[in-house]
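The next block holds one structure in the form of structure tokens; read it before the comments.
What follows is calculated from the coordinates using simple rules that are stated; it is not laboratory data. As the structure is a computational prediction, the values presented were derived from the model and not from experiment. Using ideal geometry, Cβ is built from the backbone for each residue, glycine included, and neighbour counts are taken over all protein chains shown.
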Amino acid sequence: MMTMEEKRVVGVKGAALRVSSPEKAQAVFELAGVSVTIGRAVPERAPDVGLGPDPQRWVGRLHCTLDFADGMWSVTDNASVNGTLLKHGDTIERLQARKRIQHGDTLLILGDMDPEGEPVYWELTFLDPHTTRPAPFGSPSDVRHTGPCLRYDWVAARAYRNEDGEETLITGLRPQGHQLLRYMAGRSTSGAAVACEHAELITALWGAHEEWAPHRSYSRADIAGVVRAVRRCVEADPSNPRILETVTGIGYRLNVLAGGGSTGEQGASGL
């Protein structure tokens, strides 16, 4: 684990992030593994790339996530309060769904406000030494989650599995499993994938600590049990989850159908 305070540079062997703080301190983080979390470090819950110090809490604890799949990296904003901006060439946009990133793209995350009230950003520039590889099918930079995902119908209170445009009603959910999906789907913004921390999900299912019965407590193990039961209902292969994914050491991410009418405007079609 490395934080900006250390200002230590990692030798770039593969894809990496060059991180510049609001104060212009720089470090380079090699992107190891297939999932890299970015956010504000707190005691006992540190992301892979920690942006700090951040006393004003502009940065979310699990602000955004980088994923590697099908030969390319993509980024997802985890329904953060202040959002994640993506600068590609001369254009800047707010992330609404999973998006492919290319060499030279920069993520902008609000880090402070200057005395005149102007925003000052963390700048995370994506570096890819293998940039000569062709993009799949000549696709542009916009890449949505193309695997199986979930659509939630709020009017009918039903969840559906969506894969390749075909929907299947999810059955067999126990009340807590349904509550978990409903909560996470409700945290999604415009159909973007959403990640929730263990503590957040514990509170969503069992309430705040002071509401618990005497001598009763809930932990990550309790959440893991609910997740296992949900996966048996929603995943084609529960041992290789693609809808309700694990974010190692942090919590879980739900892939929600982008623009799929999850607020109930569309009738159930039978995710």
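Between E166 and A229, the contour length at 0.36 nm per residue exceeds the Cα-Cα span by 20.4 nm.
Highest mean packing comes first when the peptides 109-116, 157-164 are listed by Cβ atoms within 10 Å, giving 157-164, 109-116. Segment 197-225 and segment 82-117 have Cα centres separated by 34 Å. Subtracting the Cα-Cα distance of V34 and R220 from their residue separation scaled by 0.36 nm leaves 64.7 nm. Extension gain for the segment Q26 to H209, taken as residue separation times 0.36 nm less the Cα-Cα distance, is 61.9 nm to one decimal. 3J(HN,Hα) couplings calculated from phi for segment 90-97 with the Karplus curve 6.51 cos²θ - 1.76 cosθ + 1.60 (θ = phi - 60°) are, in sequence order, 9, 10, 10, 9, 8, 5, 10, 8 Hz; Gly and Pro show x. Computed from the Cβ-Cβ distance with R0 of 25 Å, the FRET efficiency linking R18 to T246 stands at 0.35. Please compute, over every Cα-Cα pair in segment 149-254, the percentage with a separation greater than 22 angstrom. Within segment 149-254, distances greater than 22 Å cover 28 percent of Cα pairs. Using R0 = 45 Å, the C-beta based FRET efficiency linking Q179 and V120 works out to 0.70. Packing, taken as the mean count of other beta carbons within 10 Å per residue, orders the peptides 246-253, 58-65 from highest to lowest as 58-65, 246-253. Judged by the mean number of other Cβ atoms found within 10 Å, the most tightly packed of the peptides 69-75, 149-155 leads the ranking 149-155, 69-75. Here the simple spin-label model places points 7 Å from the Cα toward Cβ, and for V81 and W154 these points are separated by 2.2 nm.
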